[in-house]
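Remarks on the structure that follows.
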Amino acid sequence: MSALHSVLSQRIQAAAAAFGTYDPELRSSTKPEFGHYQTNLALRIGNELKQPPREIAARLVSELQLDDLCEPPEIAGPGFINLTLLPQTLAAAVNNPETFESKNQKVVVDYSQPNVAKQMHVGHLRSTVIGDALCNVLTFAGYDVIRQNHVGDWGTQYGMMIEQLLEEGIAAESLDLEGLQQLYERSRKHFDADGNFADKARLRVVALQSGDPETRAMWRHMVEVSLNEFDKVYELLGTGLQRTDVVGESAYNDDLPQVVEELDKQGLLTESDGALCAFLPGFQGRDGSPLPVIVRKSDGGFGYSATDLAAVRHRVNTLHADRIVYVVDHRQALHFDMIFTLARTAGWLDVPAEHVSFGTVLGPNGKPFKTREGGTVKLVDLLNSAVQRASDRESTARAVGIGAVKYADLSSDRGNDYVFDLDRMVAMTGNTGPYLQYAHARLTRLLSKAPQATEVTQLTEPAEQRLALLLTGFAATVEQVAETLQPHRLCTYLYAVASALSVFYEQCSVLSSAGETRASRIALCAATRKVLQDGLGLLGIEAPDAM
Ligand code: ARG
């Protein structure tokens, strides 16, 4: 809700006080002829009191005190009240954009989370892009944001891989990420085929988890190689993630026995086939059998659930989170539901925890994105092809190519799947990143030819008013994204701004107009440029000055 919107709402509520306490139901008007805002409160009240809504509307309007902000209110149709802001009200709102104060609240955002010894894939792209945008938006809206890159760097597979390395007599140092991935595949086959090797691998996991120096050194090398590779992708992508944000699964190793102990003390654990499990009411498989959270496996090892439970405790107790956000694909919905429920039952989680779930990236065939051979598409290759596609733009190829990919990801409702279609992503028309970047660059060029803009002083044309009205909604949109964690709302808003801008260009001359009109329109352009620049910045998208 913008500041204007809330002032108007209060005034309407005051005018309706004689009827009771009502939600003013103030909405942006759907058509220019209905003014800037409209409310159907009179219809609501009329229905309740069984009185003609138009009469109620007339009484509301006579009570309404809005002369300082609006034109005289109009009653339309069955009893709608339409409000049109005075040009000076709009101008003042554009000239004094709202800012946010610190909310004194910490939000932990768990995102990106690639896995060691594996290439990052499109799922990690989504998590990284959405997570970054949310961190930017939350920060802008006044939250203290703590980024946590929950890298997958722990588990039984490292026992297998290290044992395989030792058997093959290869130095850990000789392997790059590609090599690690192949090593993983060899060790997996070996593990499945050879019981003797499997036993050794299991012992190796115990050595790793209990801190045996030689084992740890080899593991650390695998982690380093992988993180260095992830950093290259992050660099190309341009993310807000730093190495210091990496708090991988392994970071919780020492807390795991205590997680078990405390759950056990509370009587929440049951032994099932040698594993320690928590069975929570309401969680059942398709066949109706109870679903466990496996806290400790039958071989004594800890898995994904145990580290996530420890992570919750760390985030609440040590990081003092007021809100925890997990940006992870939709397939893990049940996992997080169970982890949150168990953590709440155990008394570890007393703040909101949200799974910011997202859909799958699809290939041109409408199936999950894979290489022709059915393998995972490497994220670096994908990003490089986007930069390549935008390379006719020379100096801005990276900004445009990467911006196009990010915008395509962010602009559809994150719950939906989308097809990775580079041609559509880099298009200069429609709701795309390059379209918004171009709108920004064009404004920059225009403003470079104009004197320093001062203030918007007149808004006579409908196209000017429409653009100005949209600009006043920026802060409210950011706040809404901070609440709903849906970045596409910001994209939809920015696209509306850019579209209103092009109507404004068509209907109002800027540089070739004169006097106060010219100065005011230049200021309106400057305010628009600022909104586009800030908005793209929040989405993690660069806004080059020229394109
Ligand atoms: N590494 C996991 C994966 O690639 C995602 C981790 C999500 N975060 C978490 N706290 N479990 O699927």
Inspect all residues belonging to the range 507-524 and state whether any of them is of a type in the set (S, T, N, Q), part of a loop (DSSP other than H, G, I, E, B), buried (at least 20 other Cβ atoms within 10 Å of the Cβ) and in contact with an Asp or Glu (Cβ under 9 Å, 6 or more places away or on another chain). no
The lone condition Leu362 fails out of (1) modelled with pLDDT of 90 or more; (2) touching a Ser or Thr at 6+ places or on another chain (Cβ under 9 Å); (3) closer than 21 Å to Thr432 by Cβ is (2)
Report those strands (runs of 3 or more DSSP E) wholly inside the range 25-80 carrying at least 2 residues which are surrounded by 16 or more Cβ atoms within 10 Å (Cβ to Cβ). 37-39, 74-76
Please pick out the residue among Leu469, Leu485 that is within 25 Å of Val129 (Cβ to Cβ), touching a strand residue (DSSP E or B) at 6+ places or on another chain (Cβ under 9 Å) and modelled with pLDDT of 95 or more. Leu485
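Yes/no matrix, rows are residues, columns are (1) farther than 30 Å from Arg323 by Cβ; (2) among the aromatic types (Phe, Trp, Tyr); (3) in contact with a Gly (Cβ under 9 Å, 6 or more places away or on another chain):
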| position | (1), (2), (3) |
| --- | --- |
| Asp423 | yes, no, no |
| Val426 | yes, no, yes |
| Gln437 | yes, no, yes |
| Leu471 | no, no, no |
| Leu485 | no, no, no |
| Leu501 | yes, no, no |
Could you tell me which numbered condition Glu235 fails, if it satisfies all but one of (1) within 28 Å of Thr376 (Cα to Cα); (2) touching a residue at least 60 places away in the same chain (Cβ under 8 Å); (3) surrounded by fewer than 20 Cβ atoms within 10 Å (Cβ to Cβ)? (2)
Go through the range 478-528 residue by residue and tally those that are of a type outside the set (Val, Ile, Thr), within 28 Å of Tyr407 (Cβ to Cβ) and free of Cβ contacts under 8 Å to residues at least 12 places away in the same chain. 4
Would you check which residues across the range 32-56 are under 29 Å from Ala463 (Cβ atoms) and touching a residue at least 12 places away in the same chain (Cβ under 8 Å) and list them? Pro32, Phe34, Gly35, His36, Tyr37, Gln38, Thr39, Asn40
In the range 99-123, which residue that is at pLDDT 95 or above, under 14 Å from Ala141 (Cβ atoms) and in a loop (DSSP other than H, G, I, E, B) is farthest from the ligand (Cβ to nearest atom)? Glu101
How many residues does the range 70-124 hold that are in contact (Cβ under 8 Å) with a residue 60 or more places away in the chain and under 30 Å from Thr517 (Cβ atoms)? 13
Please give the number of the condition Met425 fails out of (1) touching a strand residue (DSSP E or B) at 6+ places or on another chain (Cβ under 7 Å); (2) more than 30 Å from Pro290 (Cβ to Cβ); (3) surrounded by 16 or more Cβ atoms within 10 Å (Cβ to Cβ). (1)
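So that you can scan it fast, the table gives a plain yes or no per residue for (1) part of a strand (DSSP E or B); (2) within 11 Å of the ligand (Cβ to nearest atom); (3) over 23 Å from the mean Cα position of the chain (by Cα):
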{"site": "Ile294", "(1), (2), (3)": "yes, no, yes"}
{"site": "Ser305", "(1), (2), (3)": "no, yes, yes"}
{"site": "Tyr326", "(1), (2), (3)": "yes, yes, no"}
{"site": "Glu354", "(1), (2), (3)": "yes, no, no"}
{"site": "Asn365", "(1), (2), (3)": "no, no, yes"}
Please verify whether the range 381-395 includes one or more residues that are more than 26 Å from the chain's Cα centre (by Cα), acidic (Asp, Glu) and either within 15 Å of the ligand (Cβ to nearest atom) or more than 25 Å from His488 (Cα to Cα) (or both). yes
Just need a number here: residues in the range 130-162 that are free of Cβ contacts under 8 Å to residues at least 60 places away in the same chain and either within 14 Å of the ligand (Cβ to nearest atom) or over 19 Å from Asn115 (Cβ atoms) (or both). 5
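The values are calculated or read from the model by the stated rules, or taken from the named source; none is laboratory data. Computed from a predicted structure; not experimentally measured. Neighbour counts are summed over all protein chains in view; Cβ atoms, including those assigned to glycine, are modelled from backbone coordinates with ideal geometry.
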